[in-house]
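Only one structure is covered here, and it is reproduced in the block below.
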Ligand SMILES: Cc1cc2nc3c(=O)[nH]c(=O)nc-3n(C[C@H](O)[C@H](O)[C@H](O)COP(=O)(O)OP(=O)(O)OC[C@H]3O[C@@H](n4cnc5c(N)ncnc54)[C@H](O)[C@@H]3O)c2cc1C
């Protein structure tokens, strides 16, 4: 058993750390307040090869794995979850092209993404279809040579800034097997009938874009079908098996970033004539936080390693996602506590981290859904 990262992985980690520390720190608070992030930063990240490193080299990626993707995202989220989220979500769904897309689709969409010159997203959630993705009713009717899409999706990452979105659509409403009713279509957002409404004032991750999106008779050609007709649901599950592993890395990064802020604070803040780090109550908190982060990191790296080594394991991915999200929420709570009242003010970074954490237990599968998956594998049939 080898727990060491390779020299190449350590170099990637270091480069991502330096990039985040150099580029995010000074703008993070402003991006949170303005609820925007500079497109030039995305282009820079693309030029330096930080976007979608799991994408094959022939499509502009680095041809690396999800572990390397996770290492980069961990470093980004450590410095700022909002910008970290945006630089991850720009390639959100690219896995569908890699796994199921045609050569033409890969050539058309992926190089733009990896270079940071286009933004994508994945529109799945609807007003009446959240955890129960199979109830999605946004329809795509095939009329000979094109699909006509009608419906609306909510809380979609990059909905108001994306160049194209993958859209989870109902194409076979008559099919008796529920899991064979949907298909995934790629929709360019400049098509007639597409509209978006940016959601302002979400709790955290404000540097990243989230919007409600609407499709009124949006027409896309037949070749915009990604994968097979009626296979959208199993394709979506294969995407989640990968994306949840690196969303776990978001949690690890956020928790480590919050822990680092807490360590810095307790070593400088004095009360009762001594550093608050000298109180055993503080030391116990720091010990527990550090241990939890390390546990979440180990499980996350294992889940990613298994994917990269042809041993993808849905249960381990769900465990990593649930555990890292819980860790982030608990660790950032203690980190803010250690800051006292200052932690509640937005001139202290920990306040932004605190607001960002909660969503990790909601998107990409709520914590309850992750536990349902884990239990299904552990208990089996009974
Ligand atoms: C910041 C942000 C960004 C997002 N980005 C995207 C995006 O890019 N694309 C996208 O498609 N969606 C996105 N979402 C939506 C997100 O994926 C959904 O919010 C999530 O899947 C949960 O769906 P819901 O909100 O409808 O909650 P519901 O499914 O209504 O769940 C409500 C509660 O009921 C629980 N529950 C539901 N079913 C069960 C069950 N069977 N057993 C036990 N408990 C259950 C849930 O765990 C939860 O606690 C985003 C959300 C946020 C907040």
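The values are calculated or read from the model by the stated rules, or taken from the named source; none is laboratory data. Predicted model, so just to flag it, every value in this text is computed and none were measured. Glycine also receives a Cβ, built like all others from the backbone with ideal geometry; neighbour counts cover every protein chain displayed.
Counting residues that are within 20 Å of the chain's Cα centre (by Cα) and under 17 Å from residue 250 (Cβ atoms), which helices (runs of 4 or more DSSP H) fully inside segment 1-57 reach at least 3? Reasoning before the result, please.
On the way: elements: 7-23, 28-34, 39-47.
Filter on segment 1-57 gives 7-23, 28-34.
Does residue 235 satisfy being touching a strand residue (DSSP E or B) at 6+ places or on another chain (Cβ under 7 Å), part of a helix (DSSP H, G or I) and under 24 Å from residue 91 (Cβ atoms)?
Numbers: touching a strand residue (DSSP E or B) at 6+ places or on another chain (Cβ under 7 Å): yes; part of a helix (DSSP H, G or I): yes; under 24 Å from residue 91 (Cβ atoms): yes.
Yes: the conditions hold for residue 235.
Can you tell me which of (1) touching a helix residue (DSSP H, G or I) at 6+ places or on another chain (Cβ under 7 Å); (2) within 16 Å of the ligand (Cβ to nearest atom); (3) under 22 Å from residue 95 (Cβ atoms); (4) assigned to a helix (DSSP H, G or I) is the one residue 320 doesn't meet?
(2)
Return the pair list, or none, for Cβ contacts closer than 8 Å from residues in segment 352-376 that are within 14 Å of residue 130 (Cβ to Cβ) and modelled with pLDDT of 95 or more to residues that are near the ligand (Cβ under 10 Å from one of its atoms) and outside any helix (DSSP H, G or I), at least 6 apart or on different chains.
359/203; 359/204; 359/205; 363/155; 365/131; 366/131; 368/131; 369/131
I need the full set of residues from segment 170-212 which are under 28 Å from residue 103 (Cβ atoms) and within 16 Å of the ligand (Cβ to nearest atom), in order please.
170, 179, 182, 183, 184, 185, 186, 187, 189, 194
Here is a list of conditions, (1) under 16 Å from residue 349 (Cβ atoms); (2) crowded, with 16+ Cβ neighbours inside 10 Å, and residue 21 meets all of them except one; can you say which number that is?
(2)
Among residues belonging to segment 103-130 that are touching a strand residue (DSSP E or B) at 6+ places or on another chain (Cβ under 9 Å) and over 17 Å from residue 166 (Cβ atoms), point out the one that is surrounded by the most Cβ atoms within 10 Å (Cβ to Cβ).
Out of the qualifying residues, it is 130.
What are the residues in segment 213-234 that are under 30 Å from residue 32 (Cα atoms) and away from the ligand (no atom under 12 Å from the Cβ), if any?
Initially, segment 213-234 is screened for residues under 30 Å from residue 32 (Cα atoms), giving 213-215.
The answer is 214, 215.
Going through 219, 198 one at a time, which residue ends up being more than 17 Å from the chain's Cα centre (by Cα) and within 16 Å of residue 89 (Cα to Cα)? Lay out the reasoning, then the answer.
On the way: 219 fails: within 16 Å of residue 89 (Cα to Cα).
Step by step, each of 219, 198 is checked, and only 198 is more than 17 Å from the chain's Cα centre (by Cα) and within 16 Å of residue 89 (Cα to Cα).
Take the residues in segment 131-148 that are touching a residue at least 12 places away in the same chain (Cβ under 8 Å) and within 15 Å of the ligand (Cβ to nearest atom), then tell me which one is surrounded by the most Cβ atoms within 10 Å (Cβ to Cβ).
Applying the filter and picking the extreme gives 136.
Kindly provide the set of residues from segment 205-228 that are crowded, with 17+ Cβ neighbours inside 10 Å and more than 19 Å from residue 191 (Cα to Cα), ordered by number.
Correct list: 205, 206, 207, 208, 209, 210, 227.
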